[in-house]
Protein chains: 2
Amino acid sequence: MPAYTPPVKDQQFLLHDLFKVSESDIPGYKDLDRSFTAAVLEEAGKIAANVLQPLNVVGDMQGCSLENGVVRTPDGFKTAWDEMANGGWMGLAADPELGGQGMPYLLNTAVGEFFSSANMAFQMYAGLVQGAALTLAAHGSDEQKATYVPSMHEGRWSGTMNLTEPHCGTDLGLIRTKAEPQDDGSYRISGQKIWISGGEHDLVENIVHLVLARIPDGPEGIKGISLFVVPKFLPNEDGSLGERNRLSCGGLEEKMGIHGNATCVMNYDGATGWLVGEMHKGMRAMFTMMNEARLSVALQGYAQAEIAYQNAVVFARERLQGRDVTGAKNPDGPADPVIVHPDVRRNLLDQKSFIEGARALAFWGAEMIDRARRKGDEEAEAMVSLLIPVMKGFLTDKGFEACVLAQQALGGSGFTREAGIEQFVRDARIAMIYEGTNGIQSLDLVGRKLPAKGGKAIMSFFELVKGFIRESEGNEALKAGFLDPLKAASKDLQAAGMYFLQEGSKNPLHALAGSYDFMHLFGHVSLGFMWARMARASMEALELGAEDAEYYETKIMTGRYYMSRQLPATGLHLARITSGADSVMGLGAESF
Amino acid sequence: MPAYTPPVKDQQFLLHDLFKVSESDIPGYKDLDRSFTAAVLEEAGKIAANVLQPLNVVGDMQGCSLENGVVRTPDGFKTAWDEMANGGWMGLAADPELGGQGMPYLLNTAVGEFFSSANMAFQMYAGLVQGAALTLAAHGSDEQKATYVPSMHEGRWSGTMNLTEPHCGTDLGLIRTKAEPQDDGSYRISGQKIWISGGEHDLVENIVHLVLARIPDGPEGIKGISLFVVPKFLPNEDGSLGERNRLSCGGLEEKMGIHGNATCVMNYDGATGWLVGEMHKGMRAMFTMMNEARLSVALQGYAQAEIAYQNAVVFARERLQGRDVTGAKNPDGPADPVIVHPDVRRNLLDQKSFIEGARALAFWGAEMIDRARRKGDEEAEAMVSLLIPVMKGFLTDKGFEACVLAQQALGGSGFTREAGIEQFVRDARIAMIYEGTNGIQSLDLVGRKLPAKGGKAIMSFFELVKGFIRESEGNEALKAGFLDPLKAASKDLQAAGMYFLQEGSKNPLHALAGSYDFMHLFGHVSLGFMWARMARASMEALELGAEDAEYYETKIMTGRYYMSRQLPATGLHLARITSGADSVMGLGAESF
């Protein structure tokens, strides 16, 4: 059975040594001093480790069941839900006027990592409520906000996002679900939605569905899609629950993982709904919360890697097999712990150096979201929008790979259900697919974010990196291990951007055929940048005589590993990109 | 539900265009003309597609069950087993004097790919019989051979390999299972073995266990291990089944995949067994068949990728989503098939170019095994021994990755059990672990195979590559796309070898910390070499006016993709290797 220790210390390092949150000019940040964030993180960590994590294997084994339209979640989920709700965790970063706690999104991201590590299937129920509530808060009428949002933040009601239909996922312009206007201002919603996470379950009194649908006689394609709020029970004016709406769960998907989360077929049979925001502007409303939604999935990627890694380390310290080639480390035992072997360390360090870099990147993303939302900083908004597809795509791909590495570190045990690591692999797999597949992320990056405003955001990114390198000049301890490799990797990224600019403008296929590699190349440079910053912060802490020198030294050593063993991947991605589209597009569809 | 089409044409290309088997000087090869191999492959392909593949999902869903010591395999497995046995497939490459068909191992490898693609869990039962029978044929007494082997080749009896114990897998020197000599020349075997594939099941009348155990008062460690044959039922002199032996299945492992294969805890409670080969030389006997055993796992890696790929292609041709950026390809439909999109092609070509290169490498390995066994060619033996860990490690790692790519190509469907691709991912995962984890393969490569006889085998490999490049000089069509990248990649491999020679001799950790990357680097160069050879063979076929020009053109184009988009990975692996051991060994075990 796997265990989980919330990495509070590492999060505190990011909040205070790296991002120095309590010195920040972002409104609300000055309250985030060390002792306050420690208290919040410790408390969230307790729930994650003691309440959610023990239910993770229960959820995997039991899954959800559908009987007579009722979906039952695994044993213990309801109790855990109520504990989360009562603790105020559901609306941690939400508007206090709508029942939220008003904390920075960064803090929500920090505790969200714990919850995701401990029980990804469970956390998805909670995460989707946040997304739906935020969307309603941003686009709903005052009445809609008052009717739905506070109950969601209290955890009494939940929320869902209904986009996919059997014939369309990525290409939402093909949506067929109909919304017919009624005389009372409501709409009758009819159609089938699939893969609706938490579409039906027994954790809450009411479920607030946000549904994309088409109003008859509107524009064709994506420009004729509107957003509707369609509650399971129609709320009465006094807030009590009224009539059952004409919608139902028609089936549960059997999946590779996240069995504890109900993935529903939702049938809308003339259900009553109300327009959210403007008519035909449904996609825009849905996309407002895209950055948060995608960052929360990016988080899942490295959060699963974190718990998998922790358990791989325990195994590697305890499993006795073979001898250290430089001399026995456990001479009185039958063999040495396998962590003495270089290849086991290579495996563990590939994980560790990714996870800690990923955490820094995700936190930076959350900080920029706060900066954009709380300060109206447009540059931060542009930068985080550029980086979001990188975070979602790169962190979930690499997070999955890290889970596979952790599984490998256990040898045969890794394949058994008993050891529990294989569940992390199965659960982590979905993060590469949902909320826009990683291929779609790469298209969003190369086709939309990169060229936006003449490439302004990526220019700012390069400026940040260059600025950091310039500021650090003369820091010899940082130079060879961090600054030089970062400079080289950043150059690869620039070269890829130039290739797109020059070749892609002649033939867009040259850019599109390299989009996935560009996403990974950008991911590596981003993590390299984070590592260089973390190394400098650690050196500063050591110079100031930090108490826990070993923590900072380990951080620097882990960073060196990333810079020398992961970052050189930028060269491979650049080579793939600059090989162009010819070998990609050469075959006819029938020749595959 | 997935489907499967045996890639007969691609195998015929390898056998006849590339390896030109019927012109070979290997005894038995001259009978392998095109029509003969076509007949065998077609017949095997029918069984794979029509009998085994439909049972693949049944096996996954039902798994095996243990009741009162009896293991039941999934519905249909017994009927399929009998069909395989009656067709003579069980002993296809085995000695005719022991009831085998006497075919080359290469042909066995070809059909083994089909069976593995169609139903990996099922094929494992059959594959292990072959391994056990070969071991007995090589090391058993004449009486043991006569008693056991023909019944195994007939498929009436099966066989297992019993190595692992709860406290030891890789480090078999720690084995505790005891074998006490009896007055009648037999031994009493006592101990527990775990992860025994096919340890107990209902497909056959008798199960012949090969068990590693320790004779009291022998040398400690690995040098005191002997091999025993321990049948489930003791055979009478007339070949009929006698007394039930004192051994039993104590439990079935719950696993991530290959649910149709029974992974057993085997308890030996004073069971009767007989020594196979020499006392205390059990490891040597077990290792005789190592090349075949590991090649058969390498096969599983790309075989799962093959069926996953086939189904991803079907999806990509049928799923309509989005439009071709260069203009609609399906203007009358609501959208274009997703195979028009560059990133979908990138995904599919990463799979296709790997699978076809892997198949060539595996076939080359099988051909060298035939050359060694049938001609006593020691150079072939040395070369295949060098390449076996590369094949096992690289082809199963990349085969798994390819399955993950195939799953990704299906978007959300890829995560559902209904589409069936996720099973290939779960099944393929084990191939990276069993028969020596891939980390162990890399140690075998760098610690044992590479330095053997002063590096003679890898020198021969470089000579082969150089010779091929030299022979192809002046072939301008081959130069830029194939020869130049092959030369560059081969140079990276040589540089890595030199690094190990220079730095590893000073400090073995520098070699060990790079072993895994060396295995992958070597794998890429091997596949690059195969692709260059396949491209040249295809060009030759085209020059000779081959009928199916499109097949050969597709082959060349797929090769170009590999050379330009996969082979550059050698640079990354070299960079990782030459970064040395410092960042790998720097952390204390407690700092992970």
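Points worth noting:
- Looking across the stretch B:52-85 at every residue that is without any contact (Cβ under 8 Å) to a residue 60 or more places away in the chain and more than 15 Å from B:Thr5 (Cα to Cα), the one that is surrounded by the fewest Cβ atoms within 10 Å (Cβ to Cβ) is identified as B:Asn68.
- For the stretch A:551-592, filtering for residues that are facing another protein chain (nearest Cβ under 7 Å) and either touching a strand residue (DSSP E or B) at 6+ places or on another chain (Cβ under 8 Å) or over 18 Å from A:Ser472 (Cα atoms) (or both) leaves 21.
- Condition met for A:Thr437 (open to solvent by 10 Å² or more (accessible area, probe 1.4 Å), farther than 21 Å from B:Glu165 by Cβ, under 18 Å from the mean Cα position of the chain (by Cα) and not charged (D, E, K, R)): yes
- Meets criteria (in a helix (DSSP H, G or I) and within 14 Å of chain A (Cβ to nearest Cβ)) for B:Ser442: yes
- Scanning the stretch A:35-51 for residues that are among the aliphatic types (A, V, I, L, M) and touching a Ser or Thr at 6+ places or on another chain (Cβ under 9 Å), we see that the one that is surrounded by the most Cβ atoms within 10 Å (Cβ to Cβ) is A:Ala48.
- Residue in the stretch A:104-122 that is surrounded by fewer than 24 Cβ atoms within 10 Å (Cβ to Cβ) and closer than 30 Å to B:Lys255 by Cα present: no
- Considering residues of the stretch B:215-243 that are of a type in the set (D, E, K, R) and touching a strand residue (DSSP E or B) at 6+ places or on another chain (Cβ under 6 Å) only, the residue farthest from B:Gly277 (Cα to Cα): B:Glu243
- Against the conditions (1) open to solvent by less than 10 Å² (accessible area, probe 1.4 Å); (2) under 26 Å from the mean Cα position of the chain (by Cα); (3) of a type in the set (A, V, I, L, M), B:Leu572 satisfies every one except (1).
- The requirement of being within 30 Å of B:Gly528 (Cα to Cα) and open to solvent by 20 Å² or more (accessible area, probe 1.4 Å) is not satisfied by B:Gln351.
- Extreme residue, nearest to the chain's Cα centre (by Cα), among residues of the stretch A:204-260 that are within 14 Å of chain B (Cβ to nearest Cβ) and among the charged types (D, E, K, R): A:Lys255
- Screening B:Glu503 on (1) in contact with a Gly (Cβ under 7 Å, 6 or more places away or on another chain); (2) at pLDDT 95 or above shows it passes everything except condition (2).
- Considering residues of the stretch B:488-500 that are open to solvent by 50 Å² or more (accessible area, probe 1.4 Å) and in contact (Cβ under 8 Å) with a residue 12 or more places away in the chain only, the residue farthest from the other protein chains (Cβ to nearest Cβ): B:Gln494
- Counting the residues of the stretch A:184-203 that are under 29 Å from the mean Cα position of the chain (by Cα) and either of a type in the set (Phe, Trp, Tyr) or assigned to a loop (DSSP other than H, G, I, E, B) (or both) gives 7.
- Some residue of the stretch B:408-422 being free of Cβ contacts under 8 Å to residues at least 24 places away in the same chain and either away from chain A (no Cβ under 14 Å) or aromatic (Phe, Trp, Tyr) (or both): yes
- Here A:Lys392 does not fit the description of being open to solvent by 10 Å² or more (accessible area, probe 1.4 Å), in contact (Cβ under 8 Å) with a residue 40 or more places away in the chain and either part of a helix (DSSP H, G or I) or within 27 Å of B:Thr416 (Cβ to Cβ) (or both).
- Among the residues of the stretch A:181-198, those that are within 14 Å of chain B (Cβ to nearest Cβ), in contact with an Asp or Glu (Cβ under 7 Å, 6 or more places away or on another chain) and not aliphatic (A, V, I, L, M) comprise A:Lys193, A:Trp195.
- Selected residue (criterion: least open to solvent (accessible area, probe 1.4 Å)) from residues of the stretch B:302-326 that are more than 9 Å from chain A (Cβ to nearest Cβ) and of a type in the set (Phe, Trp, Tyr): B:Tyr302
- Residues located in the stretch A:204-228, provided they are within 21 Å of A:Met90 (Cα to Cα) and surrounded by 24 or more Cβ atoms within 10 Å (Cβ to Cβ): A:Ile207, A:Val208, A:His209, A:Leu210
Per-residue answers, yes or no, for (1) under 30 Å from A:Glu381 (Cα atoms); (2) open to solvent by less than 10 Å² (accessible area, probe 1.4 Å); (3) in contact with a Phe, Trp or Tyr (Cβ under 6 Å, 6 or more places away or on another chain):
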{"site": "A:Glu253", "(1), (2), (3)": "no, no, no"}
{"site": "A:Ile258", "(1), (2), (3)": "no, yes, no"}
{"site": "A:Met266", "(1), (2), (3)": "no, yes, no"}
{"site": "A:Thr272", "(1), (2), (3)": "no, no, no"}
{"site": "A:Gly282", "(1), (2), (3)": "yes, yes, no"}
{"site": "A:Thr288", "(1), (2), (3)": "yes, no, no"}
{"site": "A:Leu295", "(1), (2), (3)": "yes, yes, no"}
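- The lone criterion from (1) of a type outside the set (A, V, I, L, M, F, W, C); (2) at positive phi; (3) facing chain A (nearest Cβ under 9 Å) left unmet by B:Gly545 is number (3).
- Condition check for B:Phe529 on (1) surrounded by 19 or more Cβ atoms within 10 Å (Cβ to Cβ); (2) facing chain A (nearest Cβ under 7 Å); (3) under 22 Å from B:Gly455 (Cα atoms): one failure, at (2).
- Among the residues of the stretch B:90-103, those that are touching a residue at least 60 places away in the same chain (Cβ under 8 Å) and open to solvent by 10 Å² or more (accessible area, probe 1.4 Å) comprise B:Gly102, B:Met103.
- Only one of the numbered conditions (1) assigned to a loop (DSSP other than H, G, I, E, B); (2) touching a strand residue (DSSP E or B) at 6+ places or on another chain (Cβ under 7 Å) is not met by A:Met286, and that is (1).
- Taking the stretch B:367-387 as the range and being within 15 Å of B:Tyr105 (Cα to Cα) and assigned to a helix (DSSP H, G or I) as the test, the residues that pass are B:Glu367, B:Met368, B:Ile369, B:Asp370, B:Arg371, B:Ala372, B:Arg373, B:Arg374, B:Lys375, B:Ala380, B:Glu381, B:Val384.
- Unique match (being more than 14 Å from chain B (Cβ to nearest Cβ) and farther than 22 Å from B:Val338 by Cβ) among A:Gly481, A:Gly467: A:Gly467
- Criterion applied to A:Gly63, A:Gly76, A:Gly69, A:Gly45 was being of a type outside the set (A, V, I, L, M), under 30 Å from A:Gly257 (Cβ atoms) and in contact with a Cys (Cβ under 8 Å, 6 or more places away or on another chain), and the one residue passing it is A:Gly69.
- Taken together, the residues in the stretch A:327-366 that are within 14 Å of chain B (Cβ to nearest Cβ) and outside any helix (DSSP H, G or I) amount to 10.
The values are calculated or read from the model by the stated rules, or taken from the named source; none is laboratory data. Computed from a prediction, not measured in an experiment: that's the story for all the values here. So basically every Cβ, Gly included, is an ideal-geometry build from the backbone, and we count neighbours across all protein chains shown. When the accessible area is computed, the model is the full protein with side chains, heavy atoms only, and any ligands, DNA or RNA have been set aside. Shrake-Rupley method; radii C 1.70, N 1.55, O 1.52, S 1.80 Å.
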